[in-house]
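Data first, discussion second: the structure below is written as structure tokens.
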Amino acid sequence: MADVDSGEKVTGGCKCGAIRYEALGPPIEVTYYHCSDCRGTSGHVGSLRYQNVRFLKGERKRYESSPGISWGFCDHCRTSLSLDGISKRYSGIHTTEFLISTLDNPESYVPDRHMHDGERLPWFDVADNLPRFFKLDAGIEPTHYGPENKP
């Protein structure tokens, strides 16, 4: 869980600067997402999940992709910023995920897992040894580690 007393603060925003945010404490997780919903809505493959978020400037427009799940974006420059919802993986807490590309220092947040590996595009197989989860089901073990072994 994010430790707001740690003093760690992550900042970011949209491309045009109309929206700025900060998240307090370290991220709950840093993830490559391969599901078709994430690819179709934002094209992203990485996000940071937080429980403690504050928007400093501007307001996001929202698109509700399914009940309780909404994507946030800048209405001016159309930058995809976030995904909000109730996390099944983390005891039903409300979380906000920010696209790594919207951070002020994205290079500081290296993903630590792959989710929805079963929906990964076949040409996107990075050579890391991270755990790969077939789905986002709570409590499930990784299906494998590292690149898919193909003959």
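The values are calculated or read from the model by the stated rules, or taken from the named source; none is laboratory data. Please read these numbers as outputs of a predicted model, since none were measured by experiment. For neighbour counting, all protein chains shown are included, and Cβ atoms are generated from backbone atoms with ideal geometry for every residue, glycine included.
Suppose we filter R62, R132, R78, R54 for residues that are within 18 Å of the chain's Cα centre (by Cα), at pLDDT 85 or above and surrounded by 16 or more Cβ atoms within 10 Å (Cβ to Cβ); which single one remains? It would help to see each step written out before you state the result.
Numbers: R62 fails: surrounded by 16 or more Cβ atoms within 10 Å (Cβ to Cβ); R78 fails: surrounded by 16 or more Cβ atoms within 10 Å (Cβ to Cβ); R54 fails: surrounded by 16 or more Cβ atoms within 10 Å (Cβ to Cβ).
Residue meeting the stated conditions: R132.
The number of residues in region 1-47 that are surrounded by 15 or more Cβ atoms within 10 Å (Cβ to Cβ), at pLDDT below 85, of a type in the set (G, A, S) and touching a helix residue (DSSP H, G or I) at 6+ places or on another chain (Cβ under 7 Å) comes to 3. Taken over region 81-98, the criterion of being among the acidic types (D, E) and either buried (at least 21 other Cβ atoms within 10 Å of the Cβ) or modelled with pLDDT under 85 (or both) is satisfied by E97 alone. With respect to (1) among the acidic types (D, E); (2) within 25 Å of G17 (Cβ to Cβ); (3) out of contact with any His (no Cβ under 9 Å at 6 or more places or on another chain), the lone exception for D112 is condition (2).
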